[in-house]
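See structure below.
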Amino acid sequence: MADKKYILHGFFRSSTSFRVRIALNLKGIPFDQKTYILRKGEQRGPDYLELNNQGLVPALELPCGTVLTQSMAILDYLDATHPAPRFLPEDPVQAAYVRSLANRIACDIHPINNLRILGYLKDPLGHSEEEIADWFCHWMNVELASLEKTLEESSFTGKFCFGDEPGLADMCLIPQIVNGRRFNASVDHLPTLKRIFEHALTLDAFKGALPENQPDAV
């Protein structure tokens, strides 16, 4: 088992796969990738459904053969099994605060602009690409503006969402901002988020996890 690596099953543009790539990079965990083109439905093929019957990415295959699904659960596992660097503060109140930031992105933003949701708006509901882009940008803008206010007012905010080291909230935030750029959703008018985003991309762990730097990038 010593020569076996973690295998990340995902897709280069998937923001949830992006989260896990950042986490693995920050923890210094070597991993291989197996990719699935979501628009072609490859994640619903029989081989992948044997690993994850939900048919969603990512899934993380451990060296022992166990497969973990759901990006937030995977991040929790990685933090529990590889304690340094920590993704959450030790203080329970501070940890709850960071989780609340992460969940605002993972639960309140990401699901409503997920590919399968956007696809359903197009077919069968019949919305145009322009209408779908407007939907995406509306919810991104609403939620990120609220997050900006929280970070702007919090004494916990540093170079990152909490303090000066990257943590759980940043692993959710950066992929969401990158994903938003595909729909011309910008954080240029949100100075705290813009600053955190730009600083994160100075770190190799974040740069190496960018979609364009993945083996399946097209």
Which helices, counted as full DSSP H runs in the chain, have an axial Cα extent of no less than 30 Å and a Kyte-Doolittle average of -0.5 or above? 129-153
Mean-square fluctuation check for the chain, GNM, Cα pairs under 10 Å: which of Asp91, Asp79, Asp164 is largest? Asp91
So what's the stretch 72-178 giving for Cα Rg divided by 2.2 N^0.38 Å, two decimals? 1.23
For the stretch 1-99, what is the percent of antiparallel DSSP beta bridges, rounded to the nearest 5? 55 percent
Gyration tensor on Cα atoms of the chain, a ≥ b ≥ c root eigenvalues, a/c under 1.5 rounded, else prolate if a/b beats b/c, else oblate, says oblate
If you take every residue apart from Pro83 with its C-beta less than 14 Å away from the C-beta of Pro83, what net charge results, scoring Lys and Arg +1 and Asp and Glu -1? -2
Under a plain spin-label model, where a point goes 7 Å from the Cα along Cα-to-Cβ, how far apart in nm are Ser146 and Glu212? 3.2 nm
From zero outward in steps of 5 Å, how is the percent of C-alpha pairs of the stretch 138-214 spread across the bins? 3, 15, 29, 27, 17, 8, 1, 0
Nearest 5 is fine: what % of DSSP beta bridges in the chain come out antiparallel, could you say? 50 percent
Per the helix-only calculation at 222 nm, which mean residue ellipticity applies to the chain, given -39500 (n - 2.57) for every DSSP H run of n ≥ 4 and division by its residues, nearest 500 deg cm²/dmol? -15000 deg cm²/dmol
Positive-end residue of Leu49, Cys64, Ser15, charge dipole of the stretch 15-69 with Cβ unit charges: Ser15
Show the residues, 5+ positions off or on another chain, whose built amide H is closer than 5 Å to the amide H of Thr157. Gly163
No solvent, one uniform scatterer per C-alpha: report log10 I(q)/I(0) for the stretch 163-203 via the Debye equation at q = 0.18, 0.20, 0.22 1/Å, two decimals. -0.47, -0.58, -0.70
accessible surface per residue for the stretch 1-145, probe 1.4 Å, DNA/RNA/ligands not counted, whole Å² -> 53 Å²
Straight distance only, please: which lysines reach the Cα of Lys122 with their own Cα at less than 23 Å, same-chain residues fewer than 8 apart left out? Lys40
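The values are calculated or read from the model by the stated rules, or taken from the named source; none is laboratory data. A quick note: this is a predicted structure, and the numbers were derived from the prediction, not measured. Cβ: placed from backbone, ideal geometry, glycine included. Neighbour counts: every protein chain shown. With ligands, DNA and RNA removed, areas are computed over all heavy atoms of the protein, side chains included. Shrake-Rupley method; radii C 1.70, N 1.55, O 1.52, S 1.80 Å.
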